[in-house]
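Working notes for the structure below.
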Amino acid sequence: MIHRRAVFFDRDGTLLVPQAEYISDPDQVVFYKGVPEALALLKERGLRRIVVTNQAGVGRGVLSEMDLLRAHNHMKRVLQEQDADLDAVFYAPHFPASARPEHRRGAAERKPSTQLFEQAALRYQLSLKDSFVVGDRPEDLQAARNIGAKAVLVRTGKGAETERAAGGPAPDFVGDDAAAAVVWICRQVGDMPLGGKKILFVLAGRDFQEREYLAPRLRLEGWGADIAVAGPSREECVGAQGLRIRPDVTHADAGDEFDAVVFIGGEGARALAGCKRCQALARRAYESKRVVAAICVAPSILANAYLLSRKTAVAWHTELSNLRKMGARISAHPVARDGAIVTAAGPRDAVGFADAIRAALLGEKEIERTVAARAETTS
């Protein structure tokens with residue numbers, strides 16, 4: 001019998017931003033940044049993705065079980081649309097003082113009890129001791145200890161408070177959020193083809209495209225790469241939906257120690273097309289035979305640096321005329337790799353973009369057809 005690993009996630013404060021004490025409406029389902037991309041990475045790695053959540057609001061009469069199921073069905077549907085589907089959601093609706101006897105009797109299922117985890121293990125033939133529990137509360141950490149799994153604490157939700165509290169089970173890892181937790185998990189269970197590789201992500205100061213940043217970063221980190229971020233200044237770069245990233249270096253100060261330089265697109269990146277510092281950064285990387293990559297509007301940075309002449313490339317539709325003017329051959333695929341240069345059309349191609357960067361870093365050739373096929377199916 002094959003026993004597989006799973007990652008068990010708490011729901012509120014871990015995957016979902018708490019909108020109320022108990023989520024009772026699909027409109028209250030709001031994911032933390034990077035959650036869909038992180039779950040998609042786990043799916044690709046072959047790990048089960050299971051939510052285990054205490055929902056005493058049902059037992060207390062604050063919401064009905066039908067309300068809860070509607071919210072869960074919406075959550076699963078949104079994730080499935082992003083190829084980040086969950087395998088299952090297990091919930092304990094019980095409350096010891098519930099007016100309904102059936103919601104009092106099952107209180108022993110609540111975390112940190114092992115019961116829901118054991119049900120999942122039986123259904124999916126899981127090895128609990130080889131699995132992970134990710135959450136923001138002490139009961140999540142204790143549940144991990146009770147089933148013999150690795151305990152991962154996130155600082156979202158009640159996580160920062162849990163981290164500061166004395167006593168209780170110690171986590172095996174503490175991450176800023178679920179995405180950071182998933183990167184750590186991937187590094188525990190899989191091969192690290194990009195171990196030792198350093199990659200620089202170049203962002204605009206405002207309105208960078210968040211999926212073009214999050215999906216490639218998670219995948220490349222999950223394969224073992226170390227990521228640094230360059231911005232116009234040391235001030236936080238702010239994405240189109242409010243994601244804030246503190247740069248490690250400025251565009252002017254970025255050195256030549258990176259194996260790849262990746263330019264992220266979005267409306268804000270239009271201002272970088274004429275940025276001499278960004279163009280120089282791209283030229284230095286290319287001339288020293290390192291990987292240079294750009295997505296969405298950012299390939300215009302490479303074109304204006306005279307790197308795309310007689311190269312096959314692609315970009316957001318508004319940039320194609322500029323690429324042609326600068327001598328590029330426009331690819332029929334939404335992800336293109338020409339030697340050490342990788343380009344992609346837009347946010348829907350972010351996964352294929354990351355795969356092509358990996359292929360370029362490893363000098364792989366066969367993967368290119370797979371990358372093109374993946375990009376076409378997600379476009």
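Couple of notes before you dig in:
- Residues in region 230-250 that are without any contact (Cβ under 8 Å) to a residue 24 or more places away in the chain, assigned to a loop (DSSP other than H, G, I, E, B) and not acidic (Asp, Glu): 3 in all.
Results for (1) assigned by TED's automatic domain parsing to the domain that holds ALA149; (2) at pLDDT 90 or above; (3) not charged (D, E, K, R), shown as yes or no for each residue.
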{"site": "VAL35", "(1), (2), (3)": "yes, yes, yes"}
{"site": "ASN54", "(1), (2), (3)": "yes, yes, yes"}
{"site": "GLU65", "(1), (2), (3)": "yes, no, no"}
{"site": "MET75", "(1), (2), (3)": "yes, yes, yes"}
{"site": "ASP83", "(1), (2), (3)": "yes, yes, no"}
{"site": "ALA107", "(1), (2), (3)": "yes, no, yes"}
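- Within region 181-211, the set of residues being farther than 28 Å from ARG277 by Cα and either surrounded by 21 or more Cβ atoms within 10 Å (Cβ to Cβ) or among the acidic types (Asp, Glu) (or both) comprises ALA181, VAL182, VAL183, ILE185, CYS186, ASP191.
- Tally, over region 271-283, of residues that are under 21 Å from ALA354 (Cα atoms) and either among the basic types (Lys, Arg) or in contact with a Lys or Arg (Cβ under 8 Å, 6 or more places away or on another chain) (or both): 1
- Count of residues meeting criterion [within 26 Å of LEU39 (Cα to Cα) and surrounded by 20 or more Cβ atoms within 10 Å (Cβ to Cβ)] in region 57-83: 5
- Some residue of region 269-286 being surrounded by fewer than 19 Cβ atoms within 10 Å (Cβ to Cβ), touching a residue at least 12 places away in the same chain (Cβ under 8 Å), among the hydroxyl-bearing types (Ser, Thr, Tyr) and in the same structural domain as ALA344 (by TED's automatic domain parsing): no
- Top-ranked residue in region 244-298 [being touching a strand residue (DSSP E or B) at 6+ places or on another chain (Cβ under 8 Å) and among the hydroxyl-bearing types (Ser, Thr, Tyr); ranked as farthest from GLY205 (Cα to Cα)]: TYR286
- Residue list for region 14-27, restricted to those being of a type outside the set (Val, Ile, Thr) and either touching a strand residue (DSSP E or B) at 6+ places or on another chain (Cβ under 8 Å) or buried (at least 23 other Cβ atoms within 10 Å of the Cβ) (or both): LEU15, LEU16, PRO18
- Residue ID - surrounded by the fewest Cβ atoms within 10 Å (Cβ to Cβ), chosen from residues in region 124-140 that are in contact with an Asp or Glu (Cβ under 9 Å, 6 or more places away or on another chain) and either among the β-branched types (Val, Ile, Thr) or farther than 14 Å from VAL7 by Cβ (or both): GLU139
- Pair list, Cβ < 8 Å and 6+ apart or interchain, from region 316-337 residues that are within 12 Å of PHE353 (Cβ to Cβ) to residues that are in a loop (DSSP other than H, G, I, E, B): HIS333/VAL314; PRO334/VAL314; PRO334/ALA345; PRO334/GLY346; PRO334/SER379; VAL335/VAL314; VAL335/ALA345; ALA336/VAL314
- In the set LEU42, LEU15, only one residue is assigned by TED's automatic domain parsing to the domain that holds SER113 and closer than 19 Å to GLY242 by Cα; that residue is LEU15.
- Residues (in a strand (DSSP E or B), out of contact with any Pro (no Cβ under 6 Å at 6 or more places or on another chain) and not acidic (Asp, Glu)) located in region 200-229: LEU200, PHE201, VAL202, ARG206, PHE208, ILE227, ALA228
The values are calculated or read from the model by the stated rules, or taken from the named source; none is laboratory data. Values in this document were obtained by computation on a predicted structure and should not be read as measured data. Using ideal geometry, Cβ is built from the backbone for each residue, glycine included, and neighbour counts are taken over all protein chains shown.
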